[in-house]
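The values are calculated or read from the model by the stated rules, or taken from the named source; none is laboratory data. Here the structure is a predicted model, which means the values were calculated and not measured. Please note: Cβ atoms are built from the backbone with ideal geometry, for glycine as well, and neighbour counts cover all protein chains shown.
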Amino acid sequence: AASSDAAAGNIDALKGAVTDLSSELGRTSTSVAAGAYVAVKETAGNARESLALLTSGARLARATFAETGQGVSALATVMDAFGIKIEQRMTRKVSDLLVRLSQLSEAELPELSGLLGKLLVPARQAGISIEEISAALATMLSAGLPARQVFSAAIDGAAKLARKAKTKVWSALRARCERLLAGAPPPAPWGPFLCARKEMDERNAPPMAP
């Protein structure tokens, strides 16, 4: 009950933001208020974090034709999976990455956040940044490869990299694979993650110190 009371109190504190976002995004105040409730729950009632999550999540939802609550929840899922601090600059940055991937994959936002949630944990363990992940996924998706195939390959490849330990060869491998894709994309799902995995397997590259 105490938790519910705290959530309600913080939603009251976000009323101004709800009104402003409703006007800016052309969404009902009820829809934005639902997103505010999700933001408060996801941030354990931290007012500043709730505002950052709500603002970027609501804009993400509009850009991907999702419900406001879905946008806030998806953003929170990805940021939590990668251990990213919830603040205005980072929520906006991650939201922009999600919009781009959603457009390229044509996946609905809840599905996209679920796939990314599975991918980001092993990627984080392998020391791969969210920017590198986004670039790698965008490269494969832009080559016309099916979204499910791309994410399946990426999850498998990231897990492989995580098991191989942190490595500094990632950036070089990613750049090499992007050049391959830019030249003549083959029919098989070649992409930065798969290429990194294949290179490490074939050459049996030893783990390198971070």
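Right, Gln88: over 23 Å from Ala158 (Cα atoms) and surrounded by fewer than 17 Cβ atoms within 10 Å (Cβ to Cβ) or not? Criteria met by Gln88.
Considering every residue within the range 22-32, establish whether at least one is touching a Leu at 6+ places or on another chain (Cβ under 8 Å), modelled with pLDDT of 90 or more and surrounded by 14 or more Cβ atoms within 10 Å (Cβ to Cβ).
Filtering the range 22-32 down to residues touching a Leu at 6+ places or on another chain (Cβ under 8 Å) leaves 27, 32.
Going one step further and asking which of them are modelled with pLDDT of 90 or more, we end up with 27, 32.
Checking the rest, the ones that are also surrounded by 14 or more Cβ atoms within 10 Å (Cβ to Cβ) come to 27, 32.
There is at least one residue in the range 22-32 that is touching a Leu at 6+ places or on another chain (Cβ under 8 Å), modelled with pLDDT of 90 or more and surrounded by 14 or more Cβ atoms within 10 Å (Cβ to Cβ).
Exactly one residue out of Ala123, Ala159 is under 29 Å from Thr68 (Cβ atoms) and not polar (S, T, N, Q): that is Ala123.
Taking the listed residues Ala147, Ala58, Ala76, Ala47, the one that is more than 22 Å from Leu14 (Cα to Cα) and either surrounded by fewer than 17 Cβ atoms within 10 Å (Cβ to Cβ) or without any contact (Cβ under 8 Å) to a residue 60 or more places away in the chain (or both) is Ala147, with no other qualifying.
So in the range 92-117, with the set limited to residues that are at pLDDT below 85 and crowded, with 17+ Cβ neighbours inside 10 Å, which one is nearest to Phe82 (Cα to Cα)?
Looking at the filtered set, the residue picked out is Leu116.
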